[in-house]
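Every number in this text was worked out from the coordinates using simple rules, so none of it is lab data. Please read these numbers as outputs of a predicted model, since none were measured by experiment. When we count neighbours, we look across all protein chains shown, and the Cβ atoms used for this are built from the backbone with ideal geometry, even at glycine.
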Amino acid sequence: MACQRGALIVLEGVDRAGKTTQCKMLVQALQKSGRPAEAMRFPDRTTTIGQLISAYLEKKSELEDHTVHLLFSANRWELVPTMKKKLEQGITLVVDRYAFSGAAFTSAKPGFSLEWCMKPDVGLPKPDLVMFLQLSPAEAALRGQFGVERYETRVFQNAVQQKFELLMKDSSVNWQVIDASKSVEEVHRDITVHSLNAINKAEDIPLGQLWT
Ligand code: ADP
Ligand code: FDM
C-alpha cells in the first residue's frame, strides 16, 4: 500500500506573533512522537530568487512593487516539486508564512487589490491547515522593538493585519485563529491539537489546490 501523505501546515501572523518559535516546537514535537515532519519558511532566502528578495527586505536593493510580489510567488512555486515529493513521502511540512503573507503584505501597499495579489499563487499546494497567530499590536510591542527590515513598522503591520482579516473570511481555507498572547507552552498545546487533527484528516484526502 502507498504510504499516507503528510499534511501541509502553515503558520501565519503579524511580526513577533511567535511563528518561528512555534514552527520549531511543532516540528520537534511531531518528530518526537514518531511522525516525520520538516520545517520550511517563505521567503526561502537560500535560492537565487530568495537572495533577490532578501536583499530587497534588507533594503540593500530596490525592486518595483509588482516585481517583488511576483518574485515572492515564484519563490513558492520553485519549491513546489520538493514540497509535493516530501508530502507524498509522508512527511508533514510545517511552513512559516505562505501565500497568505504574500497577498496580505503586497495588498497593504497603495494601489494593489487583494484579488490581483492572490492571482500568482492560485493553484499552489493547498494547506490542510492555516493557523493565524493572533496578537494585538500592544502585546507585540512588549516582545521587543521592530527590526530594521522593510515592512517592519507599526503603520504597515496594522494594514497587513486588516488584509489578513479579509483573507480569513475565505471558508475554502481551513483557518484556525490561535490566541498568541498565551504562554509559549500554551500556544504550542493549541497548535499541536489542530495539527494532529489535520495530519489525521490529510491521510485520507488528496492534496488540494489553493484558491481554485
Ligand atoms: P515571529 O516569527 O512571528 O516574528 P518569533 O517566534 O520570532 O515571532 O518571536 C518573537 C519574539 O517573541 C521572540 O523574542 C520570542 O522569544 C518571543 N515569543 C514568542 N512566543 C511568545 C509567547 N507566547 N509569549 C511571550 N514571548 C514570546
Ligand atoms: N513577505 C513574506 C511578503 O511581503 N510576501 C511574501 O510572500 C512573504 C512570504 O517578507 F515582512 C514579507 C513578510 C515579512 C518578510 O520576513 C519576511 P521573515 O522575518 O523572514 O518572516
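Inside the stretch 5-20, can you point out the residues that are part of a loop (DSSP other than H, G, I, E, B) and within 13 Å of ligand 1 (Cβ to nearest atom)?
Selection gives 14, 15, 16, 17, 18.
Has the stretch 112-128 got at least one residue that is surrounded by 18 or more Cβ atoms within 10 Å (Cβ to Cβ), away from ligand 2 (no atom under 14 Å from the Cβ) and outside any loop (DSSP other than H, G, I, E, B)?
yes
Considering every residue within the stretch 24-43, establish whether at least one is within 16 Å of ligand 1 (Cβ to nearest atom) and more than 17 Å from the chain's Cα centre (by Cα).
Yes, because at least one residue in the stretch 24-43 is within 16 Å of ligand 1 (Cβ to nearest atom) and more than 17 Å from the chain's Cα centre (by Cα).
So, residue 92, is that one among the β-branched types (Val, Ile, Thr) and within 9 Å of ligand 2 (Cβ to nearest atom) or not?
The answer is no for residue 92.
Could you please find all residues in the stretch 69-89 being surrounded by fewer than 19 Cβ atoms within 10 Å (Cβ to Cβ) and within 11 Å of ligand 2 (Cβ to nearest atom)?
70, 71, 74
Which one of 107, 101 is under 25 Å from residue 6 (Cβ atoms), buried (at least 17 other Cβ atoms within 10 Å of the Cβ) and within 17 Å of the chain's Cα centre (by Cα)?
Sole residue among the options that is under 25 Å from residue 6 (Cβ atoms), buried (at least 17 other Cβ atoms within 10 Å of the Cβ) and within 17 Å of the chain's Cα centre (by Cα): 101.
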